[in-house]
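First comes the structure, then the notes that go with it.
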């Protein structure tokens, strides 16, 4: 949009006429009614509940409607440690959510396993199986941090295009929103990660 | 067919079928990732199998690898609603193992933060319990409003809202900030008003009485035989409170009562917590009035590189959910040979089937809510 256009829009807005694009209007509406899944895993869930209570009031951002059913939710807040026994259920819940859907990994455990990373039963980050939009560090993150993460997500939703190469995967026919559910194998989850969403980081070797 | 639901013919076809329902691990009323395999005959529960392990985070195994000091932050994450009492029980076990003395002032600070933790836990529990009965939102908002006030105190003292990591072997980590006690006094002074309000809204409430009275009855004999502790045991009419029985720390100096229920149903377990909070406020008043000055940590106590002499120790306290115990075996090394947690939530959960048989699924939800479990502690 050119500068002259911006000036015209401002002039029109002063006289009570709003000019916008369909894309902006659609994304504005979507970003202000992100319904999270009522889904708590561990400690971070308590802070997630605290964020929805009167003091922090997630309703200011249009996300107070915690839905118990994944069929009615737009956002999955992975709040807490994902163990290897729980990971298949988390992926299955994600698959059951309708498009467009988003994921916030809340807390150190959901990002990387956190303090329990050395344990034999803890998944080292939920991004091994499902695509994560926003990571919120902290153990547990404060409710303000969750609100900040939600605002980041809203920013991301507002910048999505409905057409063109950058359109999100729910508008593309060549990408599936379903992800394979891992199964508990002989000694670990199989597969140990989903190569479509996660690749092991390259080790950094300095001085070579 | 829906996964998790199966139908099984009874021998007499005129009697209908047994329906097996898997509730959880994703269920809004199971307090986290707890699963119940329920078999229903019509609407009545004929069998209920709890399934654990969805939050098994290897706490005990990790603690056998890290140093004694390094386990304190992990104990915060056991029962994540009341981290300070978890710290306390663990420190008590290590202090028994290595024979540290606890200064007077540290004991008082421990009692103050411990009782504040009890207020936080019971407030939240009552909110969650009423939410499980179907009062969506409002009572929980009242409860969390009060919780935030106490969490502000924790944050001022320890720097963290939930994961306080405050106690150390032989005392506490840092002294009270200037003006902190005045803030505590303000919160305590305002708390009875909240309790009165909450009580006037709920205890005489017709729906709560209909949903909770006579539901999930736990008999005195079963409670004792199954090793139930905490408010669940006292609601069944057994006056067993470690603060009185064991008189650990300095609890023998305070004047407080142990409330006891008569029926052992959900309503009694709810009321016991209300009454316990009033007793906690009494203890807090007395502890603040008598708070001495002096050291906050035993100067001989060693935190880093602690190697207790070989032996074993069991430290237990009356945590808000029941008897929380830590059993440590030392071989003289930098980390314990065996580290075992006795979690009150897990042991109180073992009688869930006995309390739910013959009731409806809605009653099972109410019963589970009134037991007060936290999955971090159940699965560890």
*Taking residue B:110 as the residue in question, decide whether it is within 19 Å of the chain's Cα centre (by Cα) and closer than 26 Å to residue B:256 by Cβ.*
yes
*What number of residues within the range A:133-144 are surrounded by fewer than 22 Cβ atoms within 10 Å (Cβ to Cβ), more than 11 Å from chain B (Cβ to nearest Cβ) and within 21 Å of residue A:46 (Cα to Cα)?*
3
*Looking at B:47, B:98, which one is more than 12 Å from every other protein chain (Cβ to nearest Cβ) and touching a strand residue (DSSP E or B) at 6+ places or on another chain (Cβ under 6 Å)?*
B:47
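Listed residues B:81, B:119, B:69, B:55; which is touching a residue at least 24 places away in the same chain (Cβ under 8 Å) and over 17 Å from residue B:374 (Cα atoms)? Spell out how you get there, then give the answer.
On the way: B:81 fails: over 17 Å from residue B:374 (Cα atoms); B:119 fails: over 17 Å from residue B:374 (Cα atoms); B:55 fails: over 17 Å from residue B:374 (Cα atoms).
Criteria check complete, one pass: B:69.
Looking only at the range B:284-311, which residues are part of a strand (DSSP E or B) and exposed (fewer than 15 other Cβ atoms within 10 Å of the Cβ)?
Matches in the range B:284-311: B:311 only.
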*Do we find a residue being outside any loop (DSSP other than H, G, I, E, B) and under 28 Å from residue B:268 (Cα atoms) anywhere in the range B:324-333?*
yes
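Only residues that are out of contact with any strand residue (DSSP E or B) (no Cβ under 8 Å at 6 or more places or on another chain), at pLDDT 90 or above and crowded, with 17+ Cβ neighbours inside 10 Å: list them for the range A:148-167, please. Lay out the reasoning, then the answer.
First pass over the range A:148-167, keeping only residues out of contact with any strand residue (DSSP E or B) (no Cβ under 8 Å at 6 or more places or on another chain): A:151, A:154-155, A:158-167.
Then keep just the ones that are at pLDDT 90 or above; that gives A:151, A:154-155.
Selection gives A:154 alone.
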*Please identify the pairs in which a residue from the range B:12-33 that is within 25 Å of residue A:40 (Cα to Cα) and within 12 Å of chain A (Cβ to nearest Cβ) has its Cβ atom under 6 Å from the Cβ atom of a residue that is surrounded by fewer than 14 Cβ atoms within 10 Å (Cβ to Cβ) and modelled with pLDDT under 70, counting only partners at least 6 apart or on another chain.*
B:22/B:4
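Tell me the residue from A:77, A:104, A:111 that is part of a strand (DSSP E or B), away from every other protein chain (no Cβ under 14 Å), in contact with a strand residue (DSSP E or B) (Cβ under 7 Å, 6 or more places away or on another chain) and modelled with pLDDT of 90 or more, please. If you could, list the steps in order and put the result at the bottom.
Details: A:77 fails: away from every other protein chain (no Cβ under 14 Å); A:111 fails: part of a strand (DSSP E or B).
None of the others qualify; the one that does is A:104.
Test of understanding: among B:5, B:21, B:46, which residue is over 26 Å from the mean Cα position of the chain (by Cα), surrounded by fewer than 18 Cβ atoms within 10 Å (Cβ to Cβ), modelled with pLDDT of 85 or more and farther than 16 Å from residue B:368 by Cβ? Talk me through it step by step, then tell me what you get.
On the way: B:5 fails: modelled with pLDDT of 85 or more; B:21 fails: farther than 16 Å from residue B:368 by Cβ.
Exactly one of B:5, B:21, B:46 is over 26 Å from the mean Cα position of the chain (by Cα), surrounded by fewer than 18 Cβ atoms within 10 Å (Cβ to Cβ), modelled with pLDDT of 85 or more and farther than 16 Å from residue B:368 by Cβ, namely B:46.
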*Got at least one residue in the range A:26-44 being at the interface with chain B (Cβ under 10 Å from one of its Cβ atoms), surrounded by fewer than 21 Cβ atoms within 10 Å (Cβ to Cβ) and outside any loop (DSSP other than H, G, I, E, B)?*
no
_Out of the residues in the range A:114-132 meeting the condition of being within 12 Å of another protein chain (Cβ to nearest Cβ) and in contact with a strand residue (DSSP E or B) (Cβ under 7 Å, 6 or more places away or on another chain), tell me which one is surrounded by the fewest Cβ atoms within 10 Å (Cβ to Cβ)._
A:121
*Can you name every residue in the range A:80-98 that is more than 11 Å from chain B (Cβ to nearest Cβ) and surrounded by fewer than 21 Cβ atoms within 10 Å (Cβ to Cβ)?*
A:95, A:98
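Anything in the range A:67-79 that is surrounded by fewer than 20 Cβ atoms within 10 Å (Cβ to Cβ) and more than 17 Å from residue B:25 (Cα to Cα)? List them, or say none.
Result: A:72, single match.
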_For residue B:321: the one exception among (1) touching a residue at least 60 places away in the same chain (Cβ under 8 Å); (2) out of contact with any helix residue (DSSP H, G or I) (no Cβ under 6 Å at 6 or more places or on another chain)_ = (2)
*Take the range A:168-181 and flag every residue that is at pLDDT below 80, assigned to a loop (DSSP other than H, G, I, E, B) and surrounded by 14 or more Cβ atoms within 10 Å (Cβ to Cβ).*
A:168, A:177
*How many residues, within the range B:34-44, are more than 14 Å from chain A (Cβ to nearest Cβ) and part of a strand (DSSP E or B)?*
7
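Among the residues of the range B:80-95, are any part of a helix (DSSP H, G or I), within 14 Å of chain A (Cβ to nearest Cβ) and out of contact with any strand residue (DSSP E or B) (no Cβ under 6 Å at 6 or more places or on another chain)?
Residues of the range B:80-95 part of a helix (DSSP H, G or I): B:83-95.
Filter once more, so that each one left must be within 14 Å of chain A (Cβ to nearest Cβ): B:83, B:86.
Within this subset, residues satisfying the condition of being out of contact with any strand residue (DSSP E or B) (no Cβ under 6 Å at 6 or more places or on another chain) are B:83, B:86.
Within the range B:80-95, one or more residues are part of a helix (DSSP H, G or I), within 14 Å of chain A (Cβ to nearest Cβ) and out of contact with any strand residue (DSSP E or B) (no Cβ under 6 Å at 6 or more places or on another chain).
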*asked:* If I ask for residues that are in contact with a helix residue (DSSP H, G or I) (Cβ under 7 Å, 6 or more places away or on another chain) and without any contact (Cβ under 8 Å) to a residue 24 or more places away in the chain, which ones from the range B:191-224 would you list?
replied: none
_Given the condition surrounded by fewer than 17 Cβ atoms within 10 Å (Cβ to Cβ), within 14 Å of another protein chain (Cβ to nearest Cβ) and farther than 25 Å from residue A:83 by Cβ, answer yes or no: does some residue in the range A:182-193 qualify?_
no
_Please determine whether any residue of the range B:55-72 is more than 20 Å from residue B:86 (Cα to Cα) and either at pLDDT 85 or above or exposed (fewer than 15 other Cβ atoms within 10 Å of the Cβ) (or both)._
no
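Considering the range B:245-266 alone, what residues qualify as being assigned to a helix (DSSP H, G or I) and under 18 Å from the mean Cα position of the chain (by Cα)?
First, pick out the residues of the range B:245-266 that are assigned to a helix (DSSP H, G or I): B:245, B:251-253, B:266.
B:266 - this is the single residue of the range B:245-266 that is assigned to a helix (DSSP H, G or I) and under 18 Å from the mean Cα position of the chain (by Cα).
So which residues in the range B:164-179 are within 14 Å of another protein chain (Cβ to nearest Cβ) and surrounded by fewer than 23 Cβ atoms within 10 Å (Cβ to Cβ), if there are any at all?
Keep residues of the range B:164-179 that are within 14 Å of another protein chain (Cβ to nearest Cβ), which gives B:164-165.
B:165, the sole residue that qualifies.
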*Does at least one position in the range B:225-235 carry a residue that is modelled with pLDDT under 90, surrounded by fewer than 16 Cβ atoms within 10 Å (Cβ to Cβ) and out of contact with any helix residue (DSSP H, G or I) (no Cβ under 9 Å at 6 or more places or on another chain)?*
no
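The values are calculated or read from the model by the stated rules, or taken from the named source; none is laboratory data. Every value quoted in this text rests on a predicted model; they were computed, and no experiment measured them. Positions of Cβ are backbone-derived with ideal geometry, glycine not excepted, and every protein chain shown enters the neighbour counts.
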